[in-house]
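Peer 1: If you scroll down you'll find the structure; I have some questions about it.
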Amino acid sequence: MFDLTDPLDKDVDDLLEAAASWHARLDLGTAKLKDFERWRDADPRHAAAFARIVGTDESIEDVKFRLSDEVDEFEEPPVSMSRRHWLGGVVAGAGAVVLGGGGLFAILNQHAHAETAIGERKSLTLTDGAHLEVNTDTRLSWKWGVRKKEVWLKQGEIAVSVPASSQFVSIHALGYEIKPTEGEINVRIRDGALEITCLKGESQVVGPPVKRDPNVVIEEAAPLVLKQGQAYYSASQTDDLKTLKDTEIETVEAWQSDELLFTGQSLSAVVEEFNRYLTRKLVIRDRSIEGIRLGGRFNVHDAPLFLQSLRGSFGIHASDDGDVIALTRS
C-alpha cells in the first residue's frame, strides 16, 4: 500500500492536486469517466491519492471554484459510475443512497437527485438551512458545496428558500440561471416555458445564452432583477415582467400547503391545474362550460370535494369515463 504522507516524496503534492482536479471535474460533470479511469489505472499512486481526496471535500473546494468556469451551464445529470467502480476500493464510501419520507435520493459525487410522483410533494432542508419545496411530478438535482450551491430543475416546480448565511446560490432551468439572495423564489416549468416568481427578497435572472455570429460583437445584457412580488414569464412576447397582486402571490404559494387557490380563472384553466395532481385526469366534454369562472381554495388531494362544488354551484356533472373523469352539464 502506498503511503502518501511521506514528506520525502516530492510528487505527493502534484498527485493530490491532480486527484483533486479529477474529483472536482467529475463533480461538475465535465470529465469523461473513461479518461478518469485511464488516469487512475496508470499508476497505483493515482488511485491512492484519489481515495484520500474523495473523503476530504473541504480540501478541494478551491479547485472546484476555479474549475466552475469550465461550465457555462450544467443541464445533464453527473457522470454515473457503476457499482463495481464504487465498490472497487478507490472510491468506496463516496456515494450513498438515502431512503427517507417515501422518496429515493441518490447521492453521487455530491450531486443529489430527487423526484416526486403525481400528487406528491417533498420538503428538503439542506446543510446551511436552505430549504427546497418540491411540487408534484417534479425532477431536480442539486449540489450544495461551501463555495458554490446549485439546483437544476428538469421538470415541474420548486420553491427555494435561501437564508442570509447561504451564498453563491444558483438555480438552473431551461437555459436560465436564477441567483436569489436572502429570501424565497418559486420556479416552474410550464409547457416548455419558465415562470419565476420572487416571493421574498430579490433575485437576478440571467439567460438563456444567445447563439451568436463569432464575427459580431454583442454586448452582454445586464441580469434581470426580480424584486419581491415580481414575476418573470419566458413565454411572454411583451409583458414578461409583472408585478403581482397579493392574491396572485397567494395563488403561486398555495401549493406549498397542498392547496390550489382560484380567483376567477376559467374552468379549463382550473382543470389544467388540478390535473397536475391527479393520475386520473379531468376532461371537459362540453365546450360550453370551459369559460365558466371559478373562485375558491381547494385541497389538491380532495378532488371529490372540488367536483361536488362544481355540481352544486354550476350544475356540472362528473362521470366515470374509463381512464378519465368527464365533465358535462347535468
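Peer 1: Go through 39-47, 153-161, 267-275 and give me the packing order, highest mean Cβ count within 10 Å leading.
Peer 2: The most tightly packed comes first, giving 153-161, 267-275, 39-47.
Peer 1: Can I ask one more? Distance in nm between label sites at residue 250 and residue 148, each 7 Å beyond Cα in the beta-carbon direction?
Peer 2: Between residue 250 and residue 148, the simple spin-label model gives 4.2 nm.
Peer 1: For residue 269, project a label point 7 Å along Cα to C-beta. Then give me every residue of region 181-195 with its amide nitrogen under 19 Å of that point.
Peer 2: Counting backbone N atoms under 19 Å from the label point, the list is 187-195.
Peer 1: Which ³J(HN,Hα) values, rounded to whole Hz and listed in residue order, are derived for region 313-324 from phi using the Karplus coefficients 6.51, -1.76 and 1.60 in 6.51 cos²θ - 1.76 cosθ + 1.60 with θ = phi - 60°, glycine and proline given as x?
Peer 2: Calculated HN-Hα couplings, in order: 8, 10, x, 9, 9, 10, 10, 6, 10, x, 7, 10 Hz.
Peer 1: Quick check for you: which residues of region 270-303 have the amide N under 15 Å from the point 7 Å beyond the Cα of residue 319 toward its beta carbon?
Peer 2: Residues passing the 15 Å test: 283-287.
Peer 1: For residue 35 and residue 284, what is the calculated FRET efficiency with R₀ set at 51 Å and r taken between the beta-carbons, to the nearest 0.05?
Peer 2: FRET efficiency, residue 35 to residue 284: 0.40.
Peer 1: Once both labels are modelled 7 Å past Cα along the beta-carbon direction, what's the residue 292-residue 236 spacing in nm?
Peer 2: Distance between label points: 3.0 nm.
Peer 1: Return the whole-Å distance between the Cα centroid of region 125-143 and the Cα centroid of region 265-315.
Peer 2: The two parts, judged by their Cα centres, are 29 Å apart.
Peer 1: Whose amide H sits under 5 Å from the amide H of residue 284, counting only residues 5 or more places off or on another chain, with H placed in the peptide plane?
Peer 2: Long-range HN contacts for residue 284: 327.
Values quoted throughout were computed directly from the atomic coordinates according to the rules given, and no laboratory measurement underlies them. Because the structure is predicted, anything quoted here is derived from the model rather than measured. Heads up, the Cβs are rebuilt from the backbone with ideal geometry, glycines too, and the neighbour counts pull from every protein chain shown.
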